[in-house]
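Below: the structure, in structure tokens.
The values are calculated or read from the model by the stated rules, or taken from the named source; none is laboratory data. These numbers were taken from a predicted model, which means no experiment stands behind them. Heads up, the Cβs are rebuilt from the backbone with ideal geometry, glycines too, and the neighbour counts pull from every protein chain shown.
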Amino acid sequence: MARPPTPVGTYGAIRTERIATKTWEATARFRMADGRLKRVGRTGLSDVDHHIVRVKGVGLVRVAKRKGKRAGLTLQVPEWSVPMLRRRKLASGGGPLFPSANGEWLDPSNVIHRIQEAFAAVGYGWVTSHVFRKTVATVLDEADLPTSAIADQLGNTPAVVEKHYRRKRVVNDGNVAALEGMLPAEPDDPGRD
């Protein structure tokens with residue numbers, strides 16, 4: 001028996017596919033008003049719920065939860081990163097997406113050093129991983145995203161974002177516009193500054 005057609009303005013069954021470790025793509029069919037089916041999807045949800053630590057006498061260990069034993073984050077990654085994540089997933093064989101030369105976990109301190117070397121090689125030796133993180137926060141801030149959204153992306157609390165990452169606002173155009181109508185405007189007086 002054939003399945004019933006998807007009614008206009010509704011979604012059919014949602015199909016999910018794992019495209020990388022903790023990264024998923026969800027697609028569904030949507031019945032347009034003109035009756036055509038359109039494939040729609042959302043790609044790039046990624047869970048950040050582990051971190052790597054060095055244990056003396058053992059080496060690198062993948063530990064559940066984030067630093068400070070905080071709960072994991074689910075973030076959407078930019079569409080431009082999805083093809084790269086797919087390629088790395090296929091090449092990983094189930095291991096780390098960004099492995100060391102021997103296929104094991106990358107040491108976080110080595111990663112920081114490699115980032116610094118890469119920036120220096122292209123003339124940006126002053127850029128550190130923290131400067132890059134602050135740049136991400138600035139881009140989100142300049143897009144007028146709320147503090148809570150920036151905090152979610154960075155894995156911080158809104159208070160930390162306000163204190164360390166958001167630029168200080170000089171004026172708030174919305175408030176000024178609202179206050180303009182509070183009192184009647186006075187006629188210009190050429191004798192006053």
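Collect the residues in segment 176-193 that are of a type outside the set (Gly, Ala, Ser) and modelled with pLDDT under 70, keeping them in residue-number order. Hits for segment 176-193 are 189, 190, 192, 193.
The set of residues from segment 79-111 being loosely packed, with under 14 Cβ neighbours inside 10 Å, among the hydrophobic types (A, V, I, L, M, F, W, C) and closer than 18 Å to residue 54 by Cα comprises 98, 101.
Here's the yes/no breakdown for (1) within 21 Å of residue 50 (Cβ to Cβ); (2) assigned by TED's automatic domain parsing to the domain that holds residue 50; (3) at pLDDT 80 or above:
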{"residue": "129", "(1), (2), (3)": "yes, no, yes"}
{"residue": "150", "(1), (2), (3)": "no, no, yes"}
{"residue": "162", "(1), (2), (3)": "no, no, yes"}
{"residue": "174", "(1), (2), (3)": "no, no, no"}
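Please find, among 114, 133, the residue that is of a type in the set (D, E, K, R), surrounded by 10 or more Cβ atoms within 10 Å (Cβ to Cβ) and over 22 Å from residue 59 (Cα atoms).
Only one candidate passes the filter, namely 133.
Scanning segment 86-106 for any residue that is under 16 Å from the mean Cα position of the chain (by Cα), in a helix (DSSP H, G or I), at pLDDT below 85 and not small (Gly, Ala, Ser) turns up nothing.
Screening segment 121-181 for helices (runs of 4 or more DSSP H) wholly inside it with 2 or more residues that are in contact with a helix residue (DSSP H, G or I) (Cβ under 8 Å, 6 or more places away or on another chain) and of a type outside the set (Lys, Arg) returns the ranges 129-142, 147-154, 158-164. Note on segment 73-85: residues that are more than 12 Å from the chain's Cα centre (by Cα) and touching a residue at least 24 places away in the same chain (Cβ under 8 Å) amount to 2.
Considering every residue within segment 149-169, establish whether at least one is in contact (Cβ under 8 Å) with a residue 60 or more places away in the chain, surrounded by 10 or more Cβ atoms within 10 Å (Cβ to Cβ) and small (Gly, Ala, Ser). Yes - at least one qualifying residue is present in segment 149-169.
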